[in-house]
Amino acid sequence: MIILWTDALIYMLVLASLFAGFFIFQKPHFQRPLKKISASKTGMVSLLLLVFFIFIGLLDSIHFKQSEGHSTEIISALDYWAKPLRSQSEKTYSAPFSAHLYSKEMITLADGSHSWGYPRLKFGGAHLKTPDKERLEDVLTKAAIGFAKGASIFILFIVLLWSYLHDRHKHLLNSPTAKALWIVVFLLVSISYMLIYLSDYYHVLGTDKVGEDVFYQAIKSIRTGLVIGSLTTMIMLPLAIVFGIMAGFFRGWVDDVIQYIYTTLNSIPSVLLIAASILMVQVYMSNHAEEFNSLILRSDMRLLFLCLILGVTSWTGLCRMLRAETLKLREMEYVQAAQALGVKQSTILIRHILPNVMHIVLISVVLDFSSLVLAEAVLSYINIGVDPTTYSWGNMINGARLEMAREPVVWWSLLASFVFMFSLVLAANLFADTVRNAFDPRRAEQGE
Amino acid sequence: MEQVLLQVRGLTVAFKDETVVNDISFDVYKGETFALVGESGSGKSISALSVLRLLPGNAKISVNQMLLDGESLSSITEQNFCKIRGKRIGLVFQDPMSSLNPVMTIGEQIAEVMQIHFNYSKAKIFAEVFDLLNHVEIPEPERRINEYPHQLSGGQRQRVMIAIALAGKPDLLIADEPTTALDVTIQAQILQLLKTIQQKTGMALWLISHDLALVSNMADRIAVMQKGKIVETNNTDNFFKKAEHSYSLKLLAALPSMDSCINKAVDTRSNLLKVTDFKVYYPIRKGFFKRVVDYVRAVDGVSFQLQQGKTLALVGESGCGKTTLGKGLINLIPKTSGTVLFNGVDLSELTTDAQRRIRADIQIVFQDPFSSMNPRMLVGDIVAEGIKALYPEIGSADRQLRIAKLLEQVELPKSSAMRYPHEFSGGQRQRICIARALAVEPKLIICDEPTSALDVSVQAQIIDLLKNLQKSKGISYLFITHDLAVVAEIADEVAVMYQGEIIEQGKVEQVLTSPKHAYTQQLLDAVPRIG
């Protein structure tokens, strides 16, 4: 078992949020917002999707060494289970569910003669004798079988749990939200199983330029997206909140200093800073080659530094908003009342200012999350994003740039990264919206 | 009998499932002043807005009959309705600050109405605007016509609002609490203006107000609204002689009376607070280096004394520095000079730590019960805040007991502790604020206009509560207010403030019945009285 830097941070983050969740569950006055969240269909469905994504990301964050023949490589638990996806690579592009390559090549036929055509894939649809005739029927049957198997696993699970749920927790079965949730779980399990089942026979989302399975790439990218989104936010948030609130609350020289810092930082193009720090890391790594002796260690270090520098360059916007809001809040009479009661300033900041700017924090964090995933794609374009060997939606989109220019167009990389990124960001947005509504006491009452 | 101008039958307005206006019917006659009186939330503004179709889209309006001069308003299309608004019916809002566009000159804003409704030439419009400004008695109209709203005072802005409403030459002017945001003396002027204009033009005035005393001087007929229903309609004279409905009687009884100050017990006790030559100056900075060129003298050398268990009322108009003084006393605003002796101790000579502790003795209750509580904290936590900060040695269980007792003292149910501030009404919120101040067992509470945001009947309850607390706990109040009637109810002594200085002070009976200073006299005259 090997723990990479980002792995460790992810574990810590998950532990911290579990603790926070536990703490919130203990408090009696949080019961109402929690109930409100659990009653919201969109909120719970998006939470479920998020948990599903995080689960995959966590699986992908358990790394260990595995000897394969004479070479030892570091793989994750996800890689271990997705071995067929990882190892069944073709020669170059092939379309989803295709049995042939996407481009014509010289083929050596069985009788030794040559012909110009689309060669058969090594793995995709290899079990078919005459793919042109059988393929569609085969794909549909296999999909149906996969779906049915997934569905039966789910139904088995429900049947096993039925008596328990029915007797003890009836509301977990009967409320409209619960029904929506069960349907989504059913679809998730069945479709996932179907895709896994199909992947044994086909490349569900095709293959890329070097013949790697795009479905596998898209799944591996989940971890990268989550890491960039969450770690960067974790670095950015404390800076933005502490500086923003302090500048707004204390005014005077504190405000001046903080404003100078962020205007200066803002006026340096962030691409420059990012490029500089990424290059620095690379130089450091090549000088300490013995510590970074495997590809995955190097790319992990680069990912970590990317998060760090993205965090350092992206806190200014939120900081400015928080400063403005705090300027407004500090004049509110409840802050003055607290001062009149002799409450310490640090307590005022934490008890009166912070909770009242949380809605801004939540909104901008979620919006930043999506723009960070996109920023990674942009940075990959000028080669200062994540390591080219790291699977990421940014790298996929970057690659799609050339693929879209081909004739005929190779569209599946772009589509795959788009669909995955879209569902992650949308789920995060909807969930954050529900949380914000539930925790705002004024809004919570309106029952909207 | 005069002719009916506006006839409304069976008007009902509902938001979602809540009925705000419930089946009301009334008439406004030509040339009369009709007053719709009620407490906040009784639906009086909503009913006016629904006549003009200015309600948000989620309001459900149903009406049997709505006639303006015999013409049915409900059958007019939305497009044609623009010819009603502004031209047939004018509207003056409560807050002149937010109802004028800050980036347009007042001349443009008045002209805008005329451009829409009349086909005048530019010169004619200018002449009309000029006339209107004269009409609403704005001084130097030739200069003011090109000024922006922020350059005008509150009263002048309200005059501009009236000019805008008059620009379309309406038959009916709806004035929605036209003077609530203004000072007493200005309030009297604006009301006088409305009266004169009405007499000149002969239009009908529909006055919406919560202030019965004000209405008594203005209106020909009064309708009282309670919880979306009109409970009584009557002639003004009849109404004040013998109101019929119990709610009207209750409203009348709740009116603070200026006579209550007479024959108050007078005894001398030891001094609790002694303020000498208190000054708060704000520097005016100019130039690149922000040199201090001058000062705004918000509080300019104020001296007074307050006895134990007594109430000193600080009276003055907005901007006279009374709030600054109150906040300066407890160091929420840094003072420029002066001494504050509390129980014989000079507050400015205390160490920071001792100063923090003395906060337990002096507390403050603010004007706006909506912004003075953190919306994200439970009421229990809000009340507990001072205890936690100043008496950290009190354990959690004892604290809970104390909070329960405090809530009981301010006559709130125990269950309030686990609820959020927004679930309470204005009066209840003010009770919570008082409980918060009481929590640290103060000897002096500075009440900064604690009743001015509240309805009359609620106001009376809060004043009773404050009086009872004073009786049982011997707390002194420094009561900051602009309302002389409230002063008469609660104060033992009065200090009148004008432009940062105290111009008159003394026993309440003496100041209110035989004022020495001309300004005090002016203030007293401006108070609307019934009859």
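With the simple spin-label model, which puts each label point 7 Å out from Cα in the Cβ direction, the A:Ala8 to A:Ser294 separation comes to 1.6 nm. For B:Asn22, the residues whose modelled amide H falls within less than 5 Å of its own, excluding neighbours fewer than 5 places apart on the same chain, are B:Val13, B:Lys229. A convex hull fitted around the alpha carbon atoms of chain B yields 187 Å³ per residue. Close amide H partners of A:His100, meaning residues 5 or more places away or on another chain with modelled amide H under 5 Å apart, are A:Leu121.
Estimated purely from DSSP H runs of n ≥ 4, each contributing -39500 (n - 2.57), the mean residue ellipticity at 222 nm for chain B is -10500 deg cm²/dmol once divided by its residues.
Once you order the gyration tensor axes a ≥ b ≥ c over the Cα atoms, which shape class does segment B:214-347 get: rounded for a/c under 1.5, otherwise prolate or oblate by comparing a/b with b/c?
Verdict is oblate for segment B:214-347.
Could you grab the relative contact order for chain B? Cα pairs under 8 Å, six or more apart, rounded to a whole percent.
16 percent
The calculated FRET efficiency for B:Gln400 paired with B:Asp23, based on their beta-carbon distance and R0 = 41 Å, is about 0.30. A simple rule links phi to the HN-Hα coupling: the Karplus curve 6.51 cos²θ - 1.76 cosθ + 1.60 with θ = phi - 60°, which for segment B:19-27 gives 8, 8, 10, 10, 6, 9, 9, 7, 10 Hz, with x for Gly and Pro. Along each principal axis, taking the top coordinate minus the bottom one, the Cα set of segment B:69-138 gives 38, 31, 22 Å in descending order. Compute the whole-percent fraction of alpha carbon pairs in chain A spaced more than 28 Å apart. Distances greater than 28 Å cover 61 percent of the Cα pairs.
When every alpha-carbon pair in segment B:128-278 is counted, what percent end up more than 23 Å apart? Within segment B:128-278, distances greater than 23 Å cover 53 percent of Cα pairs.
Rounded to the nearest Hz, the phi-derived 3J(HN,Hα) couplings of segment B:370-384 under the Karplus curve 6.51 cos²θ - 1.76 cosθ + 1.60 (θ = phi - 60°) are 8, 9, 9, 10, 5, x, 9, 10, 6, 4, x, 5, 4, 5, 6, where x marks glycine and proline. Name the long-range amide H neighbours of B:Glu232: under 5 Å, sequence gap of 5 or more, or other chain; modelled H, no Pro or chain starts. Placed amide hydrogens put B:Val224 under 5 Å from B:Glu232. Our note on the geometry: Cα centres of segment A:1-68 and segment A:173-250, 12 Å apart. Centroid-to-centroid, using Cα positions, segment B:461-531 and segment B:205-264 are 23 Å apart. The simple spin-label model puts a point 7 Å past each Cα toward its Cβ; for B:Ser514 and A:Thr347 those points are separated by 5.2 nm. For segment A:260-275, the Karplus equation 6.51 cos²θ - 1.76 cosθ + 1.60, evaluated at θ = phi - 60°, returns couplings of 4, 4, 7, 5, 4, 4, 5, 7, 8, x, 5, 4, 4, 4, 5, 4 Hz by residue, with Gly and Pro reported as x. When only the Cβ of Lys, Arg, Asp and Glu is charged (+1, +1, -1, -1), the dipole of segment A:182-297 relative to its Cα centre reaches about 260 debye.
Computed from Cα positions, the angle between helix B:426-438 and the longest principal axis of chain B comes to roughly 10 degrees. Counting other Cβ atoms within 10 Å as a rough exposure proxy, the listed residues B:Asp131, B:Asp361, A:Asp132 run A:Asp132, B:Asp131, B:Asp361 from fewest neighbours to most.
Listing B:Asp237, B:Asp176 from fewest to most neighbouring C-beta atoms within 10 Å gives B:Asp237, B:Asp176.
Taking the helices alone, chain A has a mean residue ellipticity at 222 nm of -23500 deg cm²/dmol, built from -39,500 (n - 2.57) per DSSP H run of at least 4 residues and averaged over all its residues.
For A:Cys307, B:Cys82, B:Cys447, what's the fewest-to-most ordering of other Cβ within 10 Å of each Cβ?
Placing the least packed residue first, the sequence is B:Cys82, A:Cys307, B:Cys447.
Other residues with beta-carbon under 11 Å from the beta-carbon of B:Gly301 carry, at +1 per Lys or Arg and -1 per Asp or Glu, a net charge of -1.
For chain B, give the magnitude of the charge dipole about the Cα centre (Cβ charges: +1 Lys/Arg, -1 Asp/Glu; no others), in debye to the nearest 20.
920 debye
How big is the shadow of the Cα convex hull of the protein assembly as shown, averaged over all directions, in nm²?
The Cα convex hull of the protein assembly as shown, projected and averaged over all directions, gives 55.3 nm².
Readers should treat all values here as calculations from the given coordinates under stated rules, not as data from a laboratory. A quick note: this is a predicted structure, and the numbers were derived from the prediction, not measured. Glycine gets a Cβ as well: all are built from the backbone with ideal geometry, and neighbour counts include every protein chain shown.
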